[in-house]
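J.: Here's a structure for you.
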Amino acid sequence: MIRPAVPQDAPALAALHVAVWRDTYGALAPAVALEKLDLAHRLRGWQARLQDPAQTTWIALDDSGAVAGLVSGGAAGDGVSGARPDESVSAEIAHLYVAPDTRKQGLGRALMQAAFDALADQGHRGVGLGVVRQNYEARLFYARLAGRESASYTDPGQLWRSLMMLVTWPLPARLTDR
């Protein structure tokens, strides 16, 4: 089941964010980033994001009702908008996380479709997301969803200046695995 997130979901979103981020980037990110981007930090971020009417977050629930995945997006921010090749990419996916034990079941694609539909309904003609260059599994996933790597850039983050790829899609989009 996929539904819009509500403020009461912030603790579950923060916990999933930390778990997936550490699993994915544990060997790539500097130790200081892994230490400082902890549950308390992520909780503050999700509490703020879920109060921001310009951002929308959807969650996927597993059979037990636990949060198994999330996607969050809105108007393109500095990272994606600074790297975008043209004005057609006015929206971004800021976060897509699926719990490791629920991957390869279609949750990521379903979450992305929910986000793309809502962003298209808001009038956006294109959407982008930044993915760490060394995150090959995610890059392959986005390619299977017909995402186009359209630029590369460096994320200016204070804790980790990661090398990024900008992946873009025109909207509206119907996502099917290639």
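The values are calculated or read from the model by the stated rules, or taken from the named source; none is laboratory data. Keep in mind it's a predicted model, so treat the numbers as computed, not measured. So basically every Cβ, Gly included, is an ideal-geometry build from the backbone, and we count neighbours across all protein chains shown. For the accessible areas, the whole protein counts, side chains as well, though only heavy atoms, and no ligand, DNA or RNA atoms are used. Shrake-Rupley method; radii C 1.70, N 1.55, O 1.52, S 1.80 Å.
J.: Looking at region 158-178 only, could you name the residues that are surrounded by 14 or more Cβ atoms within 10 Å (Cβ to Cβ) and out of contact with any Lys or Arg (no Cβ under 8 Å at 6 or more places or on another chain)?
T.: Those that are surrounded by 14 or more Cβ atoms within 10 Å (Cβ to Cβ) and out of contact with any Lys or Arg (no Cβ under 8 Å at 6 or more places or on another chain): W160, A173.
J.: Here's something else I'd like to know. Just one of (1) among the aliphatic types (A, V, I, L, M); (2) modelled with pLDDT of 95 or more; (3) touching a helix residue (DSSP H, G or I) at 6+ places or on another chain (Cβ under 8 Å); (4) over 25 Å from V18 (Cβ atoms) trips up A91, so point out which.
T.: Failing condition for A91: (2).
J.: Pairs needed: first member in region 150-171, under 19 Å from G74 (Cβ atoms) and free of Cβ contacts under 8 Å to residues at least 40 places away in the same chain; second member anywhere, in a loop (DSSP other than H, G, I, E, B) and of a type in the set (G, A, S); C-beta distance under 9 Å; at least 6 residues apart or different chains.
T.: V167/G147
J.: Right, something else. Could you say which residue among A27, A48, A19, A40 is out of contact with any helix residue (DSSP H, G or I) (no Cβ under 6 Å at 6 or more places or on another chain), surrounded by fewer than 16 Cβ atoms within 10 Å (Cβ to Cβ) and in a loop (DSSP other than H, G, I, E, B)?
T.: A27
J.: Among the listed residues R3, R44, R49, R22, which satisfies the condition of being in contact with a Phe, Trp or Tyr (Cβ under 9 Å, 6 or more places away or on another chain) and not polar (S, T, N, Q)?
T.: R3
J.: Report, by residue number, each residue of region 97-134 that is open to solvent by 20 Å² or more (accessible area, probe 1.4 Å), touching a residue at least 60 places away in the same chain (Cβ under 8 Å) and closer than 18 Å to L163 by Cα.
T.: Q134
J.: Which of the residues that make up region 6-62 are of a type in the set (D, E, K, R) and modelled with pLDDT of 90 or more?
T.: Passing the criteria: D9, R22, D23, D38, R42, R44, R49, D52, D62.
J.: Can you pull out every residue in region 2-11 that is assigned to a helix (DSSP H, G or I) and either surrounded by fewer than 17 Cβ atoms within 10 Å (Cβ to Cβ) or touching a helix residue (DSSP H, G or I) at 6+ places or on another chain (Cβ under 6 Å) (or both)?
T.: Hits for region 2-11 are P7, Q8, A10, P11.
J.: For a quick check of your reading of the model, give me the residue pairs whose first member lies in region 45-60 and is under 15 Å from I93 (Cα atoms) and in contact (Cβ under 8 Å) with a residue 40 or more places away in the chain, whose second is among the hydroxyl-bearing types (S, T, Y) and assigned to a strand (DSSP E or B), with beta-carbon atoms closer than 6 Å and at least 6 apart or on different chains.
T.: T57/S72
J.: Name every residue in region 89-121 that is more than 21 Å from L13 (Cβ to Cβ) and of a type outside the set (A, V, I, L, M), in order of residue number.
T.: S90, K104, D121
J.: Just one of A138, A146 is of a type in the set (A, V, I, L, M, F, W, C), touching a strand residue (DSSP E or B) at 6+ places or on another chain (Cβ under 9 Å), farther than 19 Å from T57 by Cα and open to solvent by 40 Å² or more (accessible area, probe 1.4 Å); which is it?
T.: Going through A138, A146 in turn, just one is of a type in the set (A, V, I, L, M, F, W, C), touching a strand residue (DSSP E or B) at 6+ places or on another chain (Cβ under 9 Å), farther than 19 Å from T57 by Cα and open to solvent by 40 Å² or more (accessible area, probe 1.4 Å): A146.
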